[in-house]
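To start, the structure itself, in structure tokens.
The values are calculated or read from the model by the stated rules, or taken from the named source; none is laboratory data. Just so it is clear, the structure is predicted and the values come from calculations on it, not from any experiment. A quick note on method: Cβ atoms are made from the backbone with ideal geometry, for glycine too, and the neighbour counts reach across all protein chains shown. Accessible surface is based on the protein model in full, side chains and every heavy atom, while ligands, DNA and RNA are left aside. Shrake-Rupley method; radii C 1.70, N 1.55, O 1.52, S 1.80 Å.
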Amino acid sequence: MKIIVPMAGRGSRLRPHTLTVPKPLIPIAGKPIVQRLVEDIAKVANEKIDEIAFIIGDFGPEVEESLLKIAEKLGAKGSIYTQDEPLGTAHAIKCAEDSMQGDVVVAFADTLFRADFNLDKNSDGVIWVKKVEDPSAFGVVKLDDYGFITDFVEKPKEFVSDLAIIGIYYFKSAEKLMDEINYIMSNDIKQGGEYQLTTALENLRAKGGKFSLGKVDDWMDCGNKNATVETNGKILNYEKEEFANFPASAQIENSMIIPPCFIGENVEVINSKIGPNVSLGNNTSIVNSNIDNSLIQEKTVINHGNLSNSMIGNNAQYFGVAREISLGDYSVLDFLSK
């Protein structure tokens, strides 16, 4: 089985954190979003992963190298494809056409999940969904009495269903999907100015394709700062046993750590209270601070911080008492010297 990961989006809603790092490489509880995504799929699919194909923007050789290492850790071949223009979800998959063979899981690297990941081999595919309050911002599905999908509708203006497609799909035949993607692109069939995967899915269904439903227990968004901080806390709670022990290189002095927390290598925490639901990246220093429900990345210094629901990037410095902030990489915010 192969995993196809479209991840070329700019992540503009998560700025300033995505100005220097692509959103799928933002760490959640110590691991990049995309790494957690493919590891979760590999774990619950219970099948050998032969290849992981990443569809990226112009992210540079360092990002490409890190993605190939993620695939290597799972014993899979890593492949890199580039989407030069944001022409839609179907176009993104088209960019990885050389890897679209056999049975595949397509997983857009925007969210994390907890689900019963049953690959129904009796159907042509599985579409994972979650009930949402406002389906107008999503692709949605309608079902028949037997639980098979009868319609794929992209961002409906009027209510047709509250079952939103979360961006994870299983296809028994990648070749059949590519036939439909090639058809809609060669005939310039767009919706909202883009080539949509839901159009290809609807064409497959109209030709007799049977798609069953996969439901998720939790669908965790990483679209903006608040959602990403919330998802960090959820992952810490889901995997709290993994974070029960801190690395020997961490220096914790006269401080209280309230679990669950992720503490990276060579982290320094002095005269501070950390947690719950806090991630501290490698080589970060926290002094005289009180931090909860926050995501702090690597090589960052915080002094006299009183932070909650905050996100601070890599190589940043923060000196002050503000309660909630979003500070990007290589930024300095100093209230103490004023």
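Within region 292-317, can you find the residues that are surrounded by fewer than 24 Cβ atoms within 10 Å (Cβ to Cβ) and not in a loop (DSSP other than H, G, I, E, B)?
Once the filter is applied, which keeps residues that are surrounded by fewer than 24 Cβ atoms within 10 Å (Cβ to Cβ) and not in a loop (DSSP other than H, G, I, E, B), region 292-317 yields 292, 301, 303, 306, 308, 317.
Conditions first: (1) in the same structural domain as residue 137 (by the TED database); (2) out of contact with any His (no Cβ under 7 Å at 6 or more places or on another chain); (3) of a type in the set (Phe, Trp, Tyr). Residue 246 passes all but one, so which condition is the exception?
Condition (1) is where residue 246 drops out.
Can you give me the number of residues within region 318-338 that are basic (Lys, Arg) and either open to solvent by less than 50 Å² (accessible area, probe 1.4 Å) or not in a loop (DSSP other than H, G, I, E, B) (or both)?
Step one: of region 318-338, the residues basic (Lys, Arg) are 323, 338.
From what's left, either open to solvent by less than 50 Å² (accessible area, probe 1.4 Å) or not in a loop (DSSP other than H, G, I, E, B) (or both): none.
Selection size over region 318-338: 0.
Criterion first (over 25 Å from the mean Cα position of the chain (by Cα), part of a loop (DSSP other than H, G, I, E, B) and among the polar types (S, T, N, Q)) does residue 266 satisfy it?
Yes; evaluated as a whole, the condition is true for this residue.
Does region 184-200 contain at least one residue that is assigned by the TED database to the domain that holds residue 91, hydroxyl-bearing (Ser, Thr, Tyr), surrounded by fewer than 17 Cβ atoms within 10 Å (Cβ to Cβ) and over 25 Å from residue 131 (Cβ atoms)?
Looking through region 184-200, at least one residue is assigned by the TED database to the domain that holds residue 91, hydroxyl-bearing (Ser, Thr, Tyr), surrounded by fewer than 17 Cβ atoms within 10 Å (Cβ to Cβ) and over 25 Å from residue 131 (Cβ atoms).
Mind telling me which of the residues 171, 148, 159 ends up being open to solvent by less than 30 Å² (accessible area, probe 1.4 Å) and either within 30 Å of residue 324 (Cα to Cα) or not polar (S, T, N, Q) (or both)?
The match here is 171.
Looking at (1) modelled with pLDDT under 90; (2) of a type outside the set (Lys, Arg); (3) more than 17 Å from the chain's Cα centre (by Cα), which is the one condition that is false for residue 102?
(1)
Given 58, 144, which one is in contact (Cβ under 8 Å) with a residue 12 or more places away in the chain and acidic (Asp, Glu)?
The conditions single out 58.
May I ask you to verify whether residue 206 is open to solvent by less than 60 Å² (accessible area, probe 1.4 Å), out of contact with any Phe, Trp or Tyr (no Cβ under 9 Å at 6 or more places or on another chain), over 18 Å from residue 128 (Cα atoms) and among the aliphatic types (A, V, I, L, M)?
Numbers: open to solvent by less than 60 Å² (accessible area, probe 1.4 Å): no; out of contact with any Phe, Trp or Tyr (no Cβ under 9 Å at 6 or more places or on another chain): yes; over 18 Å from residue 128 (Cα atoms): yes; among the aliphatic types (A, V, I, L, M): yes.
Here the answer is no, as residue 206 does not meet what is asked.
Looking only at residues in region 271-291 that are of a type in the set (Val, Ile, Thr) and under 14 Å from residue 30 (Cα atoms), which one is surrounded by the fewest Cβ atoms within 10 Å (Cβ to Cβ)?
So the residue we want is 284.
So how many residues does region 161-189 have that are out of contact with any helix residue (DSSP H, G or I) (no Cβ under 8 Å at 6 or more places or on another chain) and farther than 22 Å from residue 107 by Cβ?
3
For residue 132, work out the one condition from (1) touching a Phe, Trp or Tyr at 6+ places or on another chain (Cβ under 9 Å); (2) in contact (Cβ under 8 Å) with a residue 60 or more places away in the chain; (3) of a type in the set (A, V, I, L, M) it doesn't fulfil.
Of the numbered conditions (1) touching a Phe, Trp or Tyr at 6+ places or on another chain (Cβ under 9 Å); (2) in contact (Cβ under 8 Å) with a residue 60 or more places away in the chain; (3) of a type in the set (A, V, I, L, M), the odd one out for residue 132 is (2).
Take the residues in region 238-251 that are among the acidic types (Asp, Glu) and in a helix (DSSP H, G or I), then tell me which one is farthest from residue 176 (Cα to Cα).
Here the answer is 241.
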